[in-house]
Amino acid sequence: MPAVQETVERVKRIDVDQYRYGFETLIESDKAPKGLSEETVKFISEKKNEPAWMLQWRLEAYRRWLTMTEPTWARVDYPKIDFQDLYYYSAPKPKKTITSLDEIDPEILKTYEKLGIPLREVAMLEGVEPKPGEEDPARRKIAVDAVFDSVSVATTFKAELKKAGVIFMPISEAIREHPELVQKYLGSVVPTSDNFYATLNSAVFSDGSFVYVPPGVRCPMELSTYFRINERNTGQFERTLIIADKGSYVSYLEGCTAPQRDENQLHAAVVELVTHDDAEIKYSTVQNWYPGNSEGKGGIYNFVTKRGDCRGNNSKISWTQVETGSAITWKYPSCILRGDNSRGEFYSIAISNGYQQVDSGTKMIHLGKNTSSRIISKGIAAGRSQNTYRGLVTAHRKATGARNFTACDSLLIGDKCGAHTVPYIEAKNSSATFEHEATTSKISEDVLFYCIQRGLTQEEAVGLVVNGFVKDVLQQLPMEFAVEAQKLISISLEGSVG
Amino acid sequence: MHHLNKLDTKMALLEVKDLKVRVEEREILHGLTLTVNEGEIHAIMGPNGSGKSTLSHVIAGKPGYEVTDGQILFRGEDLLEMAPNERAAKGVFLAFQYPVEIPGVSTMNFLRTALNAQRKARGESEYSTPDFLKKVREVSKSLNIPQDMLKRGVNVGFSGGEKKRNEVLQMALFEPSLCILDEMDSGLDIDALRIAADGVNALHSPKRAMVVITHYQRLLNYIVPDIVHVMSKGRVVKSGGKELALELEASGYAQFEDAA
Ligand SMILES: Nc1ncnc2c1ncn2[C@@H]1O[C@H](COP(=O)(O)OP(=O)(O)OP(=O)(O)O)[C@@H](O)[C@H]1O
Ligand SMILES: [Mg+2]
C-alpha cells in the first residue's frame, strides 16, 4: 500500500486544525427567502420547473413535517436548530440552463479542481486511458455529478452512459424527463413520513442524483456524486435515487466537502436504493464535511437517511462508508432484505477527533428466506470525541434461514474520548443465526514506540496503525477511493496524540 | 579489535556516562557507564531484572523513563535531546526482546514505510519500488525468511523465532550504525540461532557496533564479542574479554551480587 507513504507525507505538510477543503468560493447565488413555509416549498418546486404532482408530494411532506418532532435517542448533543433561520435553496448565479461544461461559472469549476474532482471529461478522456496491458485502476473513468449548494452543476460522461442505457442525471432533470420512473420509486424505500429529517428533505430537497440501470446492464463505469455546501446558513438537502433493474450492476461513489465556518451548517440527505432480481448496487461514501475546529466550533450537522431495498430475489446491496467529517453524524445506511436469498452488507469506518460526535451504524431487516447480511464496523475515537455504533438486525417470522455476522471494533486514541456499541438483535424465527463480535482497544504505546524506533514520527505511526486497523473495510472501497480514504484517515487524526 | 593496532584511534560511537534512570518513582539504573567504539561487539549479561532492557529502551528513547542524571552521547551528540525517530534515522537500532504485532499492516509495507522515513530524515532519496523489492528479497533470502511471511501483518501470528528473524531482517535492511539486540536468542532453535547470528555477523563492519544482550554464552559462540559486561542491579559491575562469559556460565552471577 504505497498510499500509506502518501498519507505520511501529507500529514507532515498539514498543520493541525487545518481543514483542507475549508475554502469558500465567491460566487453570486440565487437564494430562497430565509425560513421554511409552504411558500418556500413552492419556490423550490417552481425554480425547478416541477410538474404539479411533485409539488403536491412536497407539500404533503411539509405538512407532515409540521406535526413531527426531532428525534433525541441518538447519543449526540447539540443546541436546538432554528429551522426558520436557514436558507433552503441556493443556486449559483447566473441562472440559465447549462448545456455544456463551458457554461459553468469558472469559479465553480475551480472549486471542484481544488477538491481534486475532474469535471472536465475532455481531460479525462485524453491521456488518462491506461495503455493496453497496463491496468491502472486509479485512472479508470468515473462519471461525475457535482452538486454545488442546492443544484447539480454538471454531470459528465452523459453520452457514453446513454449508449449503455444507463440514466445518470440530476434528480431535478429526471423528475421532468423520466417522471414515470421517479414517481414509481421516489419515496418507495424511505417514505415521506419516515423520520423528521427525511420528511424535511422530502419537502425541500433541491437536487441530487438519479440513476437507473436497465435489466442485464453492468454499468460501464463508476458513477460518482460530489456534494459541496458553499453558502452560509444554507441547508443542503439532496436526494439520491438509484434503481438497479433485474440482473444489473452499478457501483456508486459519493464524496462531500464544505467550507470552514464558525456556525453550524445543516445537511439532511435521503438516499434510496432499489435492487430487483439478481441486481447489485455497491454504494461507497467518503464523507469529509467540515468537522468544526479544535474547540468544537462550527462544522456540519449531518442527519442522513440512507436505505436500500433488496426488492428482488438474489439481489444485493452493499454500503461502504468512511466517515471522517461533520461535527455531528447521525446516519444508519440500512438494507431491507425483502427478496429471497438477498444480501446486505455494511462496511464502515467512522473516525472522530476533536469534539466530533458520531452516532452511526446500520439496520439489516431480514424479511425474505435465506437472506444474509454482514456488518463490519470500525470506530476510531480520538481527542474529546464520542463515537457510537448503533445497529439493528432483525429477522421476520417468515425469514427462515436468515443469517447475520456482525463485527464491531473500536479503537481509542487518548483517554478523553469514548466509544460505544449499541447492538439490537431481534429474531422472530428460530432458524435465524446471528453472530455478533465486538472489541474495544486502546492504541498501544508499545506498538507506537516500535514504529517510532523504526523511524516513523508519532503521527505517522498512528496513521499506520489506524490504517491497519481499518484495512478490512478499506479493501471494500474502489481503489481510487481507498487511496483518498487512507489519506483522510491520517489527516483527520492529526493532533490526536502527544 | 585485534586487527587494529594501537596507533589507530577508535571513534567512540556510544558513550553512556553515569546514567541514572527512574521508572514510576523507582530508580532502576543507578549510575551506569558504558563506552562502545565503532567496529566493536559488546555483550551485556546479567540476571533478570538487572536493567538490561531498561538501558536499551532509554538509548532508543522509549517514553516512560525518567533520566535523573548522566548522559548518553552518540557520535558525541546528546542522544537524550533527540526524538526517538531521529535517533533511528541517525543509526540507532533496537531489536526488541518482545517484538509487537501490528495487525493489518503488511510487513512489506512496514519495512518500506520505515526505511523511507529514515532515508528522508537523512535527506536521502526514497527507494523506488523495484530497488526496494530487490533489496528486501536479497536480505530475506539470506535470513531464510519466506516471501509469504512479508505479506502478512507485521509479526501477526509469527512464531517466536520468526519474530526475532524479522528483527534481524529490519536491521539488515536499515543498516544502522549501532545495533542493540535484546535477547535475540531467546526462543530460537539451534538452526534459527545460527541463521540469525550469521545475519548479524554479516552486518559486522569497522563502522558499525553491536550491543548484544543475552543470558547465554551459546549465542556468543556465534557472535563473538570483543568485550563482555556484567550488569547487576542497574550498574555495570565488571567488564572483560569473551572469556568472562564462560566464567559466568560456570559460576553464575552470585559473585557479583555483592559488588553491585
Ligand atoms: N514500566 C515499568 N514499571 C515498573 N517497573 C519496571 C518497568 N520497566 C522495568 N521495570 C523494572 O525495572 C527492572 C529492570 O527491568 P529490565 O526489563 O530492564 O530487566 P532485564 O535486565 O532486561 O531483565 P530480563 O533479563 O528478565 O529481560 C525490573 O525490576 C523491572 O520490574
Ligand atoms: Mg530484558
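The values are calculated or read from the model by the stated rules, or taken from the named source; none is laboratory data. Treat the numbers as computed from the prediction; the structure is a model and nothing was measured. Please note: Cβ atoms are built from the backbone with ideal geometry, for glycine as well, and neighbour counts cover all protein chains shown.
When the range B:116-163 is filtered for residues that are more than 19 Å from residue B:88 (Cα to Cα), small (Gly, Ala, Ser), more than 12 Å from chain A (Cβ to nearest Cβ) and surrounded by fewer than 18 Cβ atoms within 10 Å (Cβ to Cβ), the ones remaining, listed by number, are B:142, B:157, B:159, B:160, B:161.
Scanning the range B:40-71 for residues that are within 14 Å of chain A (Cβ to nearest Cβ) and either more than 9 Å from ligand 1 (Cβ to nearest atom) or touching an Asp or Glu at 6+ places or on another chain (Cβ under 8 Å) (or both) returns B:53, B:56, B:58, B:59, B:60, B:61, B:62, B:63, B:64. Among the residues of the range B:16-25, just one is within 16 Å of ligand 2 (Cβ to nearest atom) and surrounded by fewer than 16 Cβ atoms within 10 Å (Cβ to Cβ), namely B:23. Out of the range A:358-379, which residues are hydroxyl-bearing (Ser, Thr, Tyr) and in a strand (DSSP E or B)? Listed by number, the residues that qualify are A:360, A:362, A:372, A:373, A:377.
From the set of residues in the range B:100-113 that are at the interface with chain A (Cβ under 7 Å from one of its Cβ atoms) and of a type outside the set (A, V, I, L, M, F, W, C), which is surrounded by the most Cβ atoms within 10 Å (Cβ to Cβ)? Walk me through how you get there before you give the answer.
Filtering the range B:100-113 for residues at the interface with chain A (Cβ under 7 Å from one of its Cβ atoms) gives B:100, B:102-105, B:109, B:113.
Narrowing further to those that are of a type outside the set (A, V, I, L, M, F, W, C): B:103-104, B:109, B:113.
On the way: B:103: 16, B:104: 21, B:109: 23, B:113: 25.
If we take residues in the range B:100-113 being at the interface with chain A (Cβ under 7 Å from one of its Cβ atoms) and of a type outside the set (A, V, I, L, M, F, W, C), then B:113 is surrounded by the most Cβ atoms within 10 Å (Cβ to Cβ).
Taking the criterion of being part of a loop (DSSP other than H, G, I, E, B) and away from ligand 1 (no atom under 14 Å from the Cβ), the residues of the range B:23-39 that qualify are B:38, B:39. Residue under question is residue B:167, and the condition is that it be at pLDDT 90 or above, in a helix (DSSP H, G or I) and within 16 Å of ligand 1 (Cβ to nearest atom); does it hold? So residue B:167 passes the test. All of (1) surrounded by fewer than 22 Cβ atoms within 10 Å (Cβ to Cβ); (2) in contact with a Ser or Thr (Cβ under 6 Å, 6 or more places away or on another chain) hold for residue B:231 with one exception: (1). Criterion applied to A:332, A:347 was being closer than 20 Å to residue A:273 by Cα and in contact with a helix residue (DSSP H, G or I) (Cβ under 6 Å, 6 or more places away or on another chain), and the one residue passing it is A:347. Do the conditions hold for residue B:230, that is, is it modelled with pLDDT of 90 or more, touching a Pro at 6+ places or on another chain (Cβ under 7 Å) and assigned to a strand (DSSP E or B)? Considered against the rule, which asks whether it is modelled with pLDDT of 90 or more, touching a Pro at 6+ places or on another chain (Cβ under 7 Å) and assigned to a strand (DSSP E or B), residue B:230 comes out as no. With the requirement that a residue be under 25 Å from residue A:64 (Cα atoms), at pLDDT 75 or above and out of contact with any Gly (no Cβ under 6 Å at 6 or more places or on another chain), what does the range A:139-173 give you? Within the range A:139-173, just A:172 meets the criteria.
Could you check the range A:434-480 and list, in sequence order, the residues that are among the aromatic types (Phe, Trp, Tyr) and either more than 16 Å from residue B:63 (Cβ to Cβ) or more than 7 Å from every other protein chain (Cβ to nearest Cβ) (or both)? Result: A:434, A:469. Taking the range A:302-353 as the range and being charged (D, E, K, R) and assigned to a strand (DSSP E or B) as the test, the residues that pass are A:306, A:307, A:309, A:316, A:323, A:331, A:343, A:345.
Scanning the range B:203-223 for residues that are away from ligand 1 (no atom under 16 Å from the Cβ), over 15 Å from the mean Cα position of the chain (by Cα) and over 20 Å from residue B:12 (Cα atoms) gives B:221, B:222. The residues listed here are A:465, A:470; of these, the one that is touching a residue at least 40 places away in the same chain (Cβ under 8 Å) and buried (at least 19 other Cβ atoms within 10 Å of the Cβ) is A:470.
Among the residues of the range B:67-85, those that are closer than 14 Å to residue B:32 by Cα and not aliphatic (A, V, I, L, M) comprise B:68, B:69, B:70, B:71.
Checking each residue in the range B:170-207 for being part of a loop (DSSP other than H, G, I, E, B), surrounded by 19 or more Cβ atoms within 10 Å (Cβ to Cβ) and either away from every other protein chain (no Cβ under 14 Å) or at positive phi (or both) picks out B:183, B:184, B:185, B:188. Suppose we keep only residues that are within 16 Å of ligand 2 (Cβ to nearest atom) and crowded, with 24+ Cβ neighbours inside 10 Å within the range B:208-217. Which one would you say is farthest from the other protein chains (Cβ to nearest Cβ)? Out of the qualifying residues, it is B:212. Residue selection: residue B:220 fails the criterion of being modelled with pLDDT of 90 or more, within 14 Å of another protein chain (Cβ to nearest Cβ) and either assigned to a helix (DSSP H, G or I) or more than 16 Å from ligand 2 (Cβ to nearest atom) (or both).
Just a yes or no: is a residue in the range A:392-412 in a helix (DSSP H, G or I), surrounded by 15 or more Cβ atoms within 10 Å (Cβ to Cβ) and either away from chain B (no Cβ under 14 Å) or of a type in the set (Lys, Arg) (or both)?
no
Of the residues making up the range A:473-487, those that are farther than 11 Å from residue A:322 by Cβ and not in a helix (DSSP H, G or I) are A:475, A:478. Sort out which residues of the range B:72-85 are surrounded by fewer than 18 Cβ atoms within 10 Å (Cβ to Cβ) and within 13 Å of chain A (Cβ to nearest Cβ), and write them in order of number. If the condition is that a residue be surrounded by fewer than 18 Cβ atoms within 10 Å (Cβ to Cβ) and within 13 Å of chain A (Cβ to nearest Cβ), then B:82, B:83 are the ones that fit. Remark: residue B:94 falls outside the filter, which requires a residue to be on the phi < 0 side of the Ramachandran plot, more than 7 Å from chain A (Cβ to nearest Cβ), under 20 Å from the mean Cα position of the chain (by Cα) and modelled with pLDDT of 95 or more.
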